[in-house]
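Working notes, structure below.
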Amino acid sequence: MKKSVFEYFEEIMRIPRESGKEEKILEYLVNFSKNNNIEYKIGKYNTIFLKKDNNSNQTIILQAHSDMVCVSTENYDFANKGIPFYIDGDYYKSKNTSLGADDGIGIAIILAILQENEDMPNIEVIITTQEETTMLGASNFDYSSIKGKTLISLDGIQEADIESSSAGMISMTLTKNINYNIGKENTYKLSIDGLKGGHSGDDINKKRCNGIKLITQMLKELKSYQIISASIGTRDNVIPSKGFISFETKHDIDYINDKIKNMKIELGNEDSSFNYKIEEINDKKVIAESQDIIKFLDEIKNGLLETYKDDNFPLISANIGKLSIEDGKTIIKYSIRSSDKVKEQILLKEVQELANKYKFECAIDASKPFFPFKEKSNIRELLAKTYKELYGVETTIKKVHACMEGGILSNNIDNLDICTIAPTIDNCHSINERVSISSTKRVYEWLKQTLIKYNKE
């Protein structure tokens, strides 16, 4: 029985599908395929390939990912429970959890399209997994079954945007074993919070202050110090907004406050809620390598490093996302984003040389490819033309500085013409995530009419 996009979306939201735990959503997709006579093939990491032969001379690939980011204000059992969704006016929302519209709505749109009986091209579907974490699903997908050379991904967040490129990303961990001495001076804890933070791809051009760089600058102002411990930031792909560093110094608390108040702190326009606190502590175990750690943090590159010349869009950037100093080890999580392979490798070499200079071990955790902007894209032109005809509005051709699966797909399918579209999803990956119902209806019709036109080419 044919169902609407929203019937599929509601069914999907009832299924637990945390990233890395996609067994139940895979079972759902297998049952859908069996019930609708859709050819399917299960792949590694719970990925699945679907195929519908519409007796056409044209073939198109549709793509989405089945996992979601699970966030809650309480200890919600995402492993066994679906999302507690509800409708509020034009939006699907959730009660105190993330919604999973990224990318549950993308899968729902694809399943509804597979039930259309109008003049459609042959449709191949790639459903990947662990997109929100490791991207192991896309990296290990069996692409040998893919015949199409044109792909529309349903993994965007804004209606009328046609995402046409994405950055690659190198994630790394920098570690340094440390030795302790017994200090004899005053000891303090410097805490910061209230910085805006944000996504190290989407928000890197907004000049938001990096908490690790800021706290490094604060400590350098004192000149006389030894680090005790630190914890700032959460992940390599998040601009750090809060944390602390404990240290020893000969100075008293009034001197420290005076130094910080008079230093030139480079805050962004969105960092107006920033504040700091100094408090005395009783911990005399100081780190012998303190100076080298601070010098390394001061010298390593961070933030937006270069833009495209034509539109000032980010070309290459870096982010110090996490600093942890405890239990005899310094651990730094760092990432490089780039849409230029040569520039990416030059920066990587600089980081490795700096790590060697200050005796940090540098391990690459993941290297994800970018997909470059194509001056000529038939599917991009067709999507733009169809949207304008339907709704009288121009689309936006958008570059993306975040890392997307498109880079992996492009690397595995030769001469791939690829774009990403989606209905409007607000506040992704948060308890305030919501997806527009009216936007979903428009995007569904947009995709449907584009496929019909594509079939006639």
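When you go through (1) more than 37 Å from the chain's Cα centre (by Cα); (2) under 16 Å from residue 326 (Cα atoms) one by one for residue 280, which number turns out not to apply?
With respect to (1) more than 37 Å from the chain's Cα centre (by Cα); (2) under 16 Å from residue 326 (Cα atoms), residue 280 is out only on (2).
Any residue in the stretch 47-62 that's over 21 Å from residue 19 (Cβ atoms) and basic (Lys, Arg): show its pairings with residues that are in a strand (DSSP E or B) and open to solvent by 20 Å² or more (accessible area, probe 1.4 Å) at Cβ separation under 6 Å, as long as the two are six or more apart or on different chains.
51/39
Just to be sure I understand, how many residues within the stretch 245-261 are aromatic (Phe, Trp, Tyr) and either surrounded by fewer than 18 Cβ atoms within 10 Å (Cβ to Cβ) or farther than 12 Å from residue 219 by Cβ (or both)?
1
For residues that are surrounded by fewer than 21 Cβ atoms within 10 Å (Cβ to Cβ) and farther than 23 Å from residue 451 by Cβ, tally how many sit in the stretch 150-170.
Residues that pass the stated criteria total 0.
Among residues belonging to the stretch 222-244 that are within 19 Å of residue 295 (Cα to Cα) and open to solvent by 40 Å² or more (accessible area, probe 1.4 Å), point out the one that is modelled with the lowest pLDDT.
So, considering only residues that are within 19 Å of residue 295 (Cα to Cα) and open to solvent by 40 Å² or more (accessible area, probe 1.4 Å), the one modelled with the lowest pLDDT is 223.
For the stretch 180-202, which residues satisfy the criterion of being assigned to a strand (DSSP E or B) and in contact with a Ser or Thr (Cβ under 9 Å, 6 or more places away or on another chain)?
186, 187, 188, 189, 190, 192, 193, 198
Here's the yes/no breakdown for (1) in a loop (DSSP other than H, G, I, E, B); (2) farther than 29 Å from residue 54 by Cα:
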position: 87; (1), (2): no, yes
position: 103; (1), (2): no, no
position: 109; (1), (2): no, no
position: 116; (1), (2): yes, no
position: 130; (1), (2): yes, yes
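Identify, please: which residue in the stretch 56-72 is in contact with a strand residue (DSSP E or B) (Cβ under 8 Å, 6 or more places away or on another chain) and open to solvent by 10 Å² or more (accessible area, probe 1.4 Å) and is, among those, farthest from residue 428 (Cα to Cα)?
Result: 56.
For residue 277, only one of the following conditions fails: (1) touching a strand residue (DSSP E or B) at 6+ places or on another chain (Cβ under 8 Å); (2) surrounded by 13 or more Cβ atoms within 10 Å (Cβ to Cβ); (3) farther than 14 Å from residue 217 by Cα; (4) not small (Gly, Ala, Ser). What is its number?
The single condition residue 277 does not satisfy is (2).
Would you point out which residue out of 195, 214 is surrounded by 16 or more Cβ atoms within 10 Å (Cβ to Cβ), modelled with pLDDT of 95 or more and of a type outside the set (Val, Ile, Thr)?
214
Output yes when any residue across the stretch 417-426 is in a loop (DSSP other than H, G, I, E, B), touching a Ser or Thr at 6+ places or on another chain (Cβ under 6 Å) and either free of Cβ contacts under 8 Å to residues at least 40 places away in the same chain or closer than 27 Å to residue 336 by Cβ (or both), and no when none is. Show your work before the answer.
Quick first cut of the stretch 417-426, residues in a loop (DSSP other than H, G, I, E, B) only: 421-424.
Okay, now just the ones that are also touching a Ser or Thr at 6+ places or on another chain (Cβ under 6 Å), so 423-424.
When the remaining residues are screened for being either free of Cβ contacts under 8 Å to residues at least 40 places away in the same chain or closer than 27 Å to residue 336 by Cβ (or both), the result is none.
No, because not a single residue in the stretch 417-426 is in a loop (DSSP other than H, G, I, E, B), touching a Ser or Thr at 6+ places or on another chain (Cβ under 6 Å) and either free of Cβ contacts under 8 Å to residues at least 40 places away in the same chain or closer than 27 Å to residue 336 by Cβ (or both).
Would you call residue 426 farther than 25 Å from residue 85 by Cβ, in contact with a strand residue (DSSP E or B) (Cβ under 6 Å, 6 or more places away or on another chain) and of a type in the set (Asp, Glu)?
Criteria not met by residue 426.
Please name all residue pairs, on different chains or six or more residues apart, with Cβ atoms under 6 Å, provided the first residue is in the stretch 337-355 and is without any contact (Cβ under 8 Å) to a residue 24 or more places away in the chain and the second residue is open to solvent by 20 Å² or more (accessible area, probe 1.4 Å).
Final answer for the pair search is 352/362.
Name the strands (runs of 3 or more DSSP E) wholly inside the stretch 297-397 in which the number of residues that are over 30 Å from residue 456 (Cβ atoms), open to solvent by 20 Å² or more (accessible area, probe 1.4 Å) and among the hydrophobic types (A, V, I, L, M, F, W, C) is 3 or more.
Correct list: 361-368.
Could you tell me which residue of the stretch 403-439 is modelled with the lowest pLDDT, considering only residues that are among the hydroxyl-bearing types (Ser, Thr, Tyr) and within 25 Å of residue 91 (Cβ to Cβ)?
Taking the candidates together, the pick is 430.
Any residue in the stretch 27-37 that is surrounded by fewer than 20 Cβ atoms within 10 Å (Cβ to Cβ), in a strand (DSSP E or B) and hydrophobic (A, V, I, L, M, F, W, C)?
no
Would you please name the residue that is modelled with the lowest pLDDT, looking only at residues in the stretch 75-110 that are β-branched (Val, Ile, Thr) and open to solvent by less than 10 Å² (accessible area, probe 1.4 Å)?
The selected residue is 97.
The values are calculated or read from the model by the stated rules, or taken from the named source; none is laboratory data. In this text, all values refer to a predicted model and were calculated from it rather than measured experimentally. FYI the Cβ positions are ideal-geometry reconstructions off the backbone, even for glycines, and counts take in every protein chain you see. With ligands, DNA and RNA removed, areas are computed over all heavy atoms of the protein, side chains included. Shrake-Rupley method; radii C 1.70, N 1.55, O 1.52, S 1.80 Å.
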